[in-house]
Amino acid sequence: MSEPPDDIESFTGDAAGAAILRRSLRELADLEVGTPLADRIRDVLAGRLGMRELAADADLASFAQRGMSEFDQLWSQLGPAERAEALAAGQAYEADLDRRG
């Protein structure tokens, strides 16, 4: 019997994107431990809930909005050199993730 399709990979469109999303979801669930959002994320990771349902979740949207607001505040306080340094660090991190697969 064949395995059911991977919902996270279907959502991202490829295995590499799915690996990054899974890692990010695990980190988010650990960050939000003990909350209904963490429970729903763990349900997605276990295949009990679809990624599209999580993407439409109001708690996830609220979390993302708070995070983007915090990022905007921090980013606006950085000068050009600090922004360039942050960008380079992010690109290095992303390249490291790609190397680890």
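Can ALA55 be described as exposed (fewer than 10 other Cβ atoms within 10 Å of the Cβ) and within 14 Å of ILE8 (Cα to Cα)? Against the criterion (exposed (fewer than 10 other Cβ atoms within 10 Å of the Cβ) and within 14 Å of ILE8 (Cα to Cα)), ALA55 does not qualify.
Within segment 35-65, track down each residue that is in a loop (DSSP other than H, G, I, E, B) and of a type in the set (Asp, Glu). Across segment 35-65, the qualifying residue is only ASP57.
Out of LEU37, LEU21, one residue alone is in contact (Cβ under 8 Å) with a residue 12 or more places away in the chain, out of contact with any Pro (no Cβ under 9 Å at 6 or more places or on another chain) and more than 27 Å from ARG100 (Cα to Cα). It is LEU37.
Residues in segment 4-18 that are in contact (Cβ under 8 Å) with a residue 24 or more places away in the chain and not in a helix (DSSP H, G or I): PRO4 only. Scanning segment 21-34 for residues that are outside any helix (DSSP H, G or I) and among the acidic types (Asp, Glu) yields a single hit, GLU32.
Readers should treat all values here as calculations from the given coordinates under stated rules, not as data from a laboratory. All values reported here derive from a predicted model rather than from experimental measurement. For neighbour counting, all protein chains shown are included, and Cβ atoms are generated from backbone atoms with ideal geometry for every residue, glycine included.
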